[in-house]
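Data block below; observations after.
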Amino acid sequence: MEQFARWFAEAAGEHGAAGLPEANAAVFATASAAGQPSARTVLLKGFDHRGLVIYTNYTSRKGRESAENPFGSLVFPWYALQRQVVVIGAVERVSRAETERYFTSRPRGSQLGAWASHQSEIIESRESLDARAARLAERWPPGTPVPTPPFWGGLRLVPRTVEFWQGRTDRLHDRLRYRRAAEGTDLWVVERLSP
Ligand SMILES: Cc1cc2nc3c(=O)[nH]c(=O)nc-3n(C[C@H](O)[C@H](O)[C@H](O)COP(=O)(O)O)c2cc1C
Ligand SMILES: Cc1ncc(COP(=O)(O)O)c(CN)c1O
């Protein structure tokens, strides 16, 4: 994760350089128990030695798939830097305390939005969504804290491999894959892959 932190800081412009817009946007892939894949963009909200954390609705497709088949992948497409990071690993839920800390930090509108959205379900119309949001805004008027929905929270991708791709001339790119030496350890084997 130290190497990830270096590249993430460069992408986000934490060294005074101009950062990429939405450097924390990544494509998150999951698969059903039957092995059917699905992918969507999410925002990375934190990372440390334990893994990478995103927040979502647990009843969404990604939430359901990562519960029935607890593996996933995150791809960071930092095109302007000719870089890509691909993380593959196990997916677990973050603790309730960690989710609540994050949910409380979100703008009130987003908090109400999380309650209003039965994410990934078919809805009748935009109006029905707006009407539900309006009812919820009355339930928790300004000044009242919005509780964390029980169906909403963090997912942590615990990396097994992290591949750092750096574009180079003639399609002879650098690809360095960090592979965990053994599950549960923080020892990594670095292997160079053919571009
Ligand atoms: C830039 C961007 C960032 C997004 N970030 C998130 C996110 O952090 N969490 C989330 O649940 N959905 C996020 N979305 C919406 C998802 O891409 C997706 O539409 C939604 O989560 C439903 O996915 P699912 O039905 O595959 O579970 C984001 C979309 C975009 C375009
Ligand atoms: C539905 C949804 N949930 C969660 C997020 C994560 O970002 P935030 O917590 O900053 O809203 C996003 C970001 N686009 C989103 O669209």
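None of the figures in this text is laboratory data; all of them are computed from the coordinates on show. Only a predicted model underlies this, so the values are computations on that prediction, with no experimental measurement involved. Reconstructed Cβ throughout: ideal geometry from the backbone, glycine too, with neighbour counts over all protein chains shown.
Per-structure values
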{"quantity": "Cβ-defined net charge surrounding T161, 10 Å radius [Lys, Arg +1; Asp, Glu -1]", "calculated": "+2"}
{"quantity": "Relative contact order (percent, whole number), the range 37-115, Cα cutoff 8 Å, 6+ residue spacing", "calculated": "17"}
{"quantity": "Whole-angstrom gap from the range 75-151 to the range 18-71, using each part's C-alpha centre", "calculated": "13"}
{"quantity": "Footprinting exposure proxy for T99, T41 (fewest neighbouring C-beta atoms within 10 Å first)", "calculated": "T41, T99"}
{"quantity": "Once exposed loop GluC sites (Glu not before Pro) are cut out (DSSP; at most 16 other Cβ, 10 Å), longest piece of the chain", "calculated": "23-120"}
{"quantity": "Net charge, A181 excluded, C-beta distance under 14 Å - Lys, Arg +1, Asp, Glu -1", "calculated": "+1"}
{"quantity": "Fewest-first ranking of T59, T148, T30, using other Cβ atoms within 10 Å as the exposure measure", "calculated": "T59, T148, T30"}
{"quantity": "Net charge over other residues, Cβ less than 13 angstrom from the Cβ of F8 (K, R count +1; D, E count -1)", "calculated": "-2"}
{"quantity": "The range 1-137, relative contact order [Cα under 8 Å, separation at least 6], %", "calculated": "18"}
{"quantity": "Projected-area average for the range 59-195 over all orientations - Cα convex hull basis, square nanometres", "calculated": "11.9"}
